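The values are calculated or read from the model by the stated rules, or taken from the named source; none is laboratory data. Worth saying up front: this structure is predicted, and the values here are computed from it rather than measured. Every residue, glycine as well, gets a Cβ built from its backbone with ideal geometry; the counts of neighbours run over all protein chains shown. Side chains included, ligands, DNA and RNA excluded: accessible areas come from the protein's heavy atoms. Shrake-Rupley method; radii C 1.70, N 1.55, O 1.52, S 1.80 Å.
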Amino acid sequence: MKLVIQIPCLNEEKSLPVTLKDLPEHIDGIDEIEILVIDDGSTDKTVETARNLGVKEILSLGTNKGLAKAFVAGINKALDMGADIIVNTDADNQYDASYIAELVKPILEKKADIVIGARPVSKIKHFSVLKKFLQKLGSFVMRFVSKTDVKDAPSGFRAFSRNAALQLNVFDNYTYTLETIIQAKAKGLVIESIEVGVNPELRKSRLFTNMFQYIRRSIFTMLRMFIIYRPFRFFILFGSLFLFSGLIIGARFLYFYLNGNGQGHIQSLILASILLITGVQVVLIAVLSELISINRKLIEDVQRMVKSAGLKKNSDVIK
């Protein structure tokens, strides 16, 4: 059983030594642990630092691609390295690496496909009151949207089984954390949360410049993922609103018409017609989107099989 711990990096020459030092060298049930550093266009000595500290696998993306792209590149590289389990952690040593053993345990026991480390948000001293509130609110909304019990949705401290990693597709250029939860649930993967510890802050977060930017992007990501993975439910909801409104207004016009006052409420008839026609069109979009969704699932199944076959071929060549 091989574990690959991947660490996306962007100018982390100061924090990387601390992060690497805390990584476990042995975990029960794991035969081999390998470190993968993903250099997301660093302009400092991140790569040199990693090499000097004994990291053999370094994936350089050339220019800065963003956290989501670095995460996906790392997952694909880890699979090429023969990983059975992949753990993603931050280079700023935010997460307590001693919990990695607990993070991979549900996967080793075949109880989960993805395990997410839940931080004690209320107790993190360098989080402002507003940030703590928004973190909890965001996780609550994500639980509602994804129908999961994930306690800390934005957490990047995660473990993935090989099967889960093969099925992940990240479309967002901003972050992977929210998207992968909705996607995993839609694909029938089992997600589990465990309580983890955090370390003192080494540097400020660089993922977003302000809290409002984070909120805006998070809402957009959740909405887009819901449309992608639950298109029929999304469009049928909107279609039903138009149809229901049209029926109510149409019934109102019919009431006045039967009482001899129809001429004075012709606007209601026009509005009801527009709403009903729009509602029918949106319902048709819901049906079409569901057919497209089915086609996407078939393509993803083919993609997973192609990836598996390619990895097996590379493994046979190495042997």
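Does Ser155 fit the bill of being open to solvent by less than 70 Å² (accessible area, probe 1.4 Å), hydroxyl-bearing (Ser, Thr, Tyr), part of a loop (DSSP other than H, G, I, E, B) and in contact with a strand residue (DSSP E or B) (Cβ under 6 Å, 6 or more places away or on another chain)? If you could, list the steps in order and put the result at the bottom.
On the way: open to solvent by less than 70 Å² (accessible area, probe 1.4 Å): yes; hydroxyl-bearing (Ser, Thr, Tyr): yes; part of a loop (DSSP other than H, G, I, E, B): yes; in contact with a strand residue (DSSP E or B) (Cβ under 6 Å, 6 or more places away or on another chain): yes.
Here the answer is yes, as Ser155 does meet what is asked.
Restricting attention to the range 243-270, which residues are at pLDDT below 80, among the small types (Gly, Ala, Ser), exposed (fewer than 15 other Cβ atoms within 10 Å of the Cβ) and in a helix (DSSP H, G or I)?
Step one: of the range 243-270, the residues at pLDDT below 80 are 260-265.
The next check asks that each one be among the small types (Gly, Ala, Ser); those that pass are 260, 262, 264.
Among the residues that remain, those that are also exposed (fewer than 15 other Cβ atoms within 10 Å of the Cβ) are: 260, 264.
Result: Gly264, single match.
A quick yes/no check of all residues on (1) outside any helix (DSSP H, G or I); (2) among the basic types (Lys, Arg); (3) open to solvent by less than 10 Å² (accessible area, probe 1.4 Å):
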position	(1), (2), (3)
Ala83	yes, no, yes
Ser98	no, no, no
Ala101	no, no, no
Lys105	no, yes, no
Val115	yes, no, yes
Ser122	no, no, no
Leu130	no, no, no
Leu134	no, no, no
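Scan the range 23-41 for residues that are out of contact with any strand residue (DSSP E or B) (no Cβ under 9 Å at 6 or more places or on another chain) and under 21 Å from Glu201 (Cβ atoms) and report the count.
So the count comes out to 0.
Please go through the range 201-242 and pick out each residue that is modelled with pLDDT under 80 and not in a helix (DSSP H, G or I).
Residues satisfying the conditions are Glu201, Leu202, Arg203, Lys204, Ser205, Arg206, Leu207, Phe208, Thr209, Asn210.
Between a residue in the range 47-69 that is in contact (Cβ under 8 Å) with a residue 24 or more places away in the chain and any residue that is open to solvent by 60 Å² or more (accessible area, probe 1.4 Å), which pairs come within a Cβ distance under 6 Å, given they are 6 or more apart or on different chains?
From the range 47-69, the pairs are Thr49/Glu13; Gly66/Asn173; Ala68/Asn173.
Considering each residue of the range 50-72, count those that are farther than 19 Å from Pro24 by Cα and open to solvent by less than 50 Å² (accessible area, probe 1.4 Å), and give that number.
At the first step, the residues of the range 50-72 found to be farther than 19 Å from Pro24 by Cα are 59-72.
Next, only the ones that are open to solvent by less than 50 Å² (accessible area, probe 1.4 Å) stay: 59, 61, 66, 68, 70-72.
The number of residues fulfilling the criteria is 7.
Are any residues in the range 156-186 more than 10 Å from the chain's Cα centre (by Cα) and touching a residue at least 60 places away in the same chain (Cβ under 8 Å), and if so, which ones?
Of everything in the range 156-186, those that are more than 10 Å from the chain's Cα centre (by Cα) and touching a residue at least 60 places away in the same chain (Cβ under 8 Å) turn out to be Phe157, Arg158, Ala159, Phe160, Ser161, Arg162, Ala165, Leu166, Gln167, Asn173, Tyr174.
Among (1) within 11 Å of Gln6 (Cα to Cα); (2) assigned to a loop (DSSP other than H, G, I, E, B); (3) open to solvent by less than 20 Å² (accessible area, probe 1.4 Å), which single condition is Asp90 missing?
Of the numbered conditions (1) within 11 Å of Gln6 (Cα to Cα); (2) assigned to a loop (DSSP other than H, G, I, E, B); (3) open to solvent by less than 20 Å² (accessible area, probe 1.4 Å), the odd one out for Asp90 is (3).
Please work out which residue is nearest to Met142 (Cα to Cα), limiting yourself to the range 175-191 and to residues that are of a type outside the set (Val, Ile, Thr) and surrounded by fewer than 19 Cβ atoms within 10 Å (Cβ to Cβ).
Within the range 175-191, the first condition is being of a type outside the set (Val, Ile, Thr), and the residues that meet it are 176, 178-179, 183-189.
Now narrow it down to the ones that are surrounded by fewer than 19 Cβ atoms within 10 Å (Cβ to Cβ): 186-188.
Details: Ala186: 13, Lys187: 16, Gly188: 17 Å.
My answer is Ala186.
What number of residues within the range 1-45 are without any contact (Cβ under 8 Å) to a residue 40 or more places away in the chain and either among the polar types (S, T, N, Q) or surrounded by fewer than 16 Cβ atoms within 10 Å (Cβ to Cβ) (or both)?
Within the range 1-45, residues that are without any contact (Cβ under 8 Å) to a residue 40 or more places away in the chain and either among the polar types (S, T, N, Q) or surrounded by fewer than 16 Cβ atoms within 10 Å (Cβ to Cβ) (or both) number 11.
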